[in-house]
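Enquirer: Got a structure for you, written out below as structure tokens; questions coming shortly.
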Amino acid sequence: MPIPDPGRARRSERWITAALLLAAILPALPAFGTPFLRDAEVVIRDNVALRSLDGALSAAADNYWGDHVECGLWRPLPLLSYAANHAVGGLEPDGYTAVDVALHALVVVLLFRFARQLGASTGAALVAGLVFAVHPLNSEAVASHVGRADLLAAAGMLCALLALGGLGRGAPGWRARGIAAGGFALALLSKENAVALLPLVGALVLLRPGQVAERDATPDADARHPWLDLLVLGSVLGLWLTVRWTVLGAFGRDPATIEPFINPLVPATTTALGDLRGATGGQALLGALTVLSHALGMFAWPATLSFDYGFDHLPLPTSAADPRVLLGVLAATATLAGCWLLRHRAPLAAVGLVFFGSTYVITGNVFTPIGTIFAERLMYVPDLGLALLVGQVFAWAHARGRGRARVALVGITGALLLAGAARTAERHADWQDHETATAAGVAAAPRSVAMQYARGRFLTLEAEAALARGDPDAAVRLYERAVVHLDLATEIAPEHSPSNRVLFQTLLLLGREEQARVPLEREVVLNPDSVDALTWLARLQAQDGLRARVAGQEDAGRRHAAEARATVEQALSLDPDHVDALRLRAALFRDVLGDPTRAAADLRHVLRVAPDHPDRDAIRAQAEHAEALGARKP
């Protein structure tokens, strides 16, 4: 029997670690140069609190989104890490990307070590680590900057599991339990889905995959009993929940505050326009099963990845017979059954299924709706379990193969890993700028109202930039392209206020006043307190009156003028100093209602509240003219 060579084993371990690091880093290189996009614009780029120590500490003791959204999230560790990034390199995105790529590489190595600690062969553990390193579904957590919460949570959970001795392979003492508690705390302070570690450990203690009995045979078994692990972790969880409640005043987010177009699984409500949005009755559970089948499908075949999965990219099922629901039921059943049936014959697969199930159920909208129906970065932690499962499948196939069959297995596995790495690099490139990201978003999710709006808004901003550089023709072309996306967004979700607002403004800029009326009227219904929308509606009503009078329809002209007067008065009741509303009412008083004195008063009011208005000379002349007319009026 050959004598094991410890030196050779250590060298092999170093080479494997180097391979895993390269597999994690190389496909992520296109992520460098990525600007702050989408959520990162709010959480990082525009978050001035992160630019000083006092501000960062204050932000860490508050809602994750600050004043922007009452999201029920408390994630102090990612915010503090962003502040550290800013202290070192300001708002240079590559510094943030470097940290995220390094964290991803760390998680890959920790996963490999965890698999080995569970008793997996080197080949199985290596495949698990490589699958996780190059899987395209994990790219959003690395490239988006705000995915750091998932990266830190994964690292903390794996550190805790490693400290506990792989749950049966090695018996942790109190020092190791202290390390596990620290890892769990780190994970909890990063993202809420880390709470899954406690049920994960509990399930593994109950299922006892592999040779868990070894722990009970060790000396000082009472001090090393696995139930003590649960007690320590439970204490950490209890402390975290207490502090979280103190900070947020709640354990979670009220589903009523979640927009249905972001998460269609929230309880159904009727919009101001009369449309029913959200999930009715058991539709929420059917929808959660649909999302599960979709998520597993993307893990198996990540050809199409999207920046958004909200309304109406993943239509809700209307029947339990929907094939997506049936696949979800099959997947959930197979996960539960596999945890039990494979616990002895394939412990790595059993642990992988337990890991996937316990972590996915937290963010899978199973118990309560969360802030989104689905996001790829939400799969980062559950993918750890799926990677372990793939490693077990490889080990099973390799053990049963012989000769050329094994060579073919290794070759096919290598080819799939290379394809995954290429797809990951391609996916990272989607984040390189707003143009690429929004174009890729609408291509992958043409029925997503959020992506159509994002693309339309981006094009309007580009049009404004073209106007600023003196290229009106290019601006018109960009505005025309924007209308296509914004119009589709309002077709998908007429109640989406941002799309209505930008659409009517863009149409007005293009001179399409009649087309602008529909989204404008919707916006007024959706946001009756929008002074800008009310003012624009009053302007269109006044123009209707003018056209009617020109056509000799005096009664219609007076009716439209009265509508315009009522609408502008509503706007000024909300904001008495609104310049455009004041100027419009002055025009109505002067040209329609025959009251130049009140017109002059409104114009003088404009000059008082906006003394530096670019049209101040014209406004002053109009006021003087109105005053002169008023003086002559008997």
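The values are calculated or read from the model by the stated rules, or taken from the named source; none is laboratory data. What you see is a predicted model, and the numbers here were worked out from it, not measured in a lab. Virtual Cβ from ideal backbone geometry, glycine too; neighbours counted across all protein chains shown. To get the accessible areas, we keep the full protein, side chains included, count just its heavy atoms, and leave off ligands, DNA and RNA. Shrake-Rupley method; radii C 1.70, N 1.55, O 1.52, S 1.80 Å.
Enquirer: Could you check the spin-label model distance between residue 465 and residue 247? Points 7 Å from the Cα along Cα→Cβ, value in nm.
Expert: It is 3.6 nm.
Enquirer: Among 88, 188, 144, which residue has its Cα positioned farthest towards the positive end of the charge dipole of region 66-196, with +1 placed on the Cβ of Lys and Arg, -1 on the Cβ of Asp and Glu, and the dipole taken about the Cα centre?
Expert: Toward the positive end, the furthest listed residue is 188.
Enquirer: Taking only the alpha-carbon atoms of region 490-634, what semi-axes of the equivalent ellipsoid follow from 5 times the gyration tensor eigenvalues under a square root, in whole Å, largest first?
Expert: Over the Cα atoms of region 490-634, the semi-axes work out to 28, 19, 13 Å.
Enquirer: Could you tell me how many degrees, from 0 to 90 and to the nearest 10, lie between the Cα long axis of helix 347-363 and the main elongation axis, the longest principal axis, of the Cα atoms of the chain?
Expert: Its long axis makes an angle of about 20 degrees.
Enquirer: Can you tell me the orientation of helix 323-341 relative to the chain, as the angle in degrees between its alpha-carbon axis and the longest Cα principal axis, to the nearest 10?
Expert: 30
Enquirer: Only helical DSSP H runs with n ≥ 4 go in: add -39500 (n - 2.57) per run for the chain, normalise by residue count and round the 222 nm mean residue ellipticity to 500 deg cm²/dmol.
Expert: After summing the helix terms and dividing by the residues of the chain, the value is -22000 deg cm²/dmol.
Enquirer: Ok, one more. What ranking of 299, 589 comes out by heavy-atom accessible area, probe 1.4 Å, highest first?
Expert: 299, 589
Enquirer: Take the Cα atoms of region 30-171, find their three principal axes, and give me the spread along each one in whole Å, biggest first.
Expert: Its Cα atoms span 49, 34, 27 Å along the three principal axes.
Enquirer: Carbon and sulfur atoms: what percent of the 1.4 Å accessible area of the chain do they account for?
Expert: 62
Enquirer: Moving on. Cβ neighbours within 10 Å, averaged per peptide: list 393-401, 198-206 in order, most packed at the top.
Expert: Averaged packing, sorted descending, gives the order 198-206, 393-401.
Enquirer: Given a Förster distance of 35 Å, report the FRET efficiency between residue 67 and residue 268 from their Cβ-Cβ distance, rounded to the nearest 0.05.
Expert: With R0 = 35 Å, the Cβ-Cβ based efficiency is 0.75.
Enquirer: Now, a different point. Would you kindly state how much longer the chain becomes between residue 591 and residue 239 on full extension, computed as 0.36 nm times their sequence separation minus their alpha carbon distance, in nm to one decimal?
Expert: In short, 119.8 nm is gained.
Enquirer: Could you work out the per residue convex hull volume over the alpha carbons of region 369-432, in cubic angstrom?
Expert: Normalising the Cα hull of region 369-432 by residue number yields 93 Å³.
Enquirer: Between residue 409 and residue 84, what FRET efficiency follows from the Cβ-Cβ distance if R0 is 41 Å, with the result rounded to 0.05?
Expert: Once rounded, the FRET efficiency stands at 0.40.
Enquirer: What order do 597, 506 take when sorted by accessible area (1.4 Å probe), most exposed first? Before the final figure, lay out each step's value.
Expert: Details: 597 85, 506 5 Å².
Order by accessible area, largest first: 597, 506.
Enquirer: Right, something else. By the scheme Lys and Arg +1, Asp and Glu -1, what is the net charge of all other residues having a beta-carbon under 15 Å from that of residue 181?
Expert: Taking every Cβ under 15 Å from that of residue 181, the sum is +1.
Enquirer: Right, something else. Nearest 10 degrees is fine. How inclined is helix 596-609 to the longest principal axis of the chain, computing both from alpha carbons?
Expert: Once rounded, the angle reads 40 degrees.
Enquirer: Let me ask another. Among 444, 28, 97, whose Cα sits farthest toward the positive end of the charge dipole of the chain (+1 at Cβ of Lys/Arg, -1 at Cβ of Asp/Glu, about the Cα centre)?
Expert: 28
Enquirer: Please compute the Kirkwood hydrodynamic radius over region 272-356, one decimal place, Å, based on all pairs of different Cα atoms.
Expert: Taking the inverse mean of 1/r over all distinct Cα pairs, region 272-356 comes out at 14.7 Å.
Enquirer: What's the extension gain from residue 12 to residue 418 if we count 0.36 nm per residue and subtract their Cα-Cα distance?
Expert: So the chain would gain 144.0 nm between residue 12 and residue 418.
Enquirer: What is the Rg over Rh value, at two decimals, for region 225-383, using alpha-carbon atoms and the Kirkwood definition of Rh?
Expert: That ratio is 1.02, to two decimals.
Enquirer: If you don't mind, there's one more thing I want to ask. For the chain, I need the span (max minus min coordinate) of the C-alpha atoms along each principal axis, in Å, sorted largest to smallest.
Expert: 119, 51, 49
Enquirer: Provide the per residue accessible area, probe 1.4 Å, for region 578-633, rounded to a whole number of square angstrom. Let's see the in-between values first.
Expert: Values: 2950 Å² over 56 residues.
I get 53 Å² per residue for region 578-633.
Enquirer: Another question, if that's okay. Based on the Kirkwood radius over alpha-carbon pairs, what value in µm²/s does the Stokes-Einstein equation return for the translational diffusion coefficient of region 339-408 at 25 °C and 0.890 mPa s?
Expert: 181
Enquirer: Label-point separation (nm) for residue 29 and residue 608, each offset 7 Å from Cα along Cα-to-Cβ?
Expert: Output for this residue pair reads 6.6 nm.
Enquirer: Contour minus end-to-end for residue 368 and residue 617, with contour as 0.36 nm per residue of separation and end-to-end as the Cα-Cα distance?
Expert: 83.8 nm
Enquirer: For residue 350, what charge total do you get from the other residues with a beta carbon under 10 Å from its beta carbon, if Lys and Arg give +1 and Asp and Glu give -1?
Expert: Net charge around residue 350: +3.
Enquirer: Here is a follow-up. Round to the nearest 0.05 the FRET efficiency obtained for residue 230 and residue 102 when R0 = 30 Å and r is the Cβ-Cβ distance.
Expert: It comes to 0.40.
Enquirer: Let me ask something else. With only Lys, Arg, Asp and Glu charged, each at its Cβ (+1 for the first two, -1 for the last two), find how big the charge dipole of the chain is about the Cα centre; round to the nearest 20 debye.
Expert: 2460
Enquirer: Also, quick follow-up: Give me P(r) over region 351-470, computed from all C-alpha to C-alpha distances, binned every 5 Å, as integer percentages.
Expert: 2, 9, 11, 13, 13, 14, 12, 9, 6, 5, 3, 2, 1, 0, 0
Enquirer: Give the accessible area for residue 296 in Å² (nearest 10); use a 1.4 Å probe, count only protein heavy atoms, and leave out ligands, DNA and RNA.
Expert: Looks like 50 Å² after rounding.
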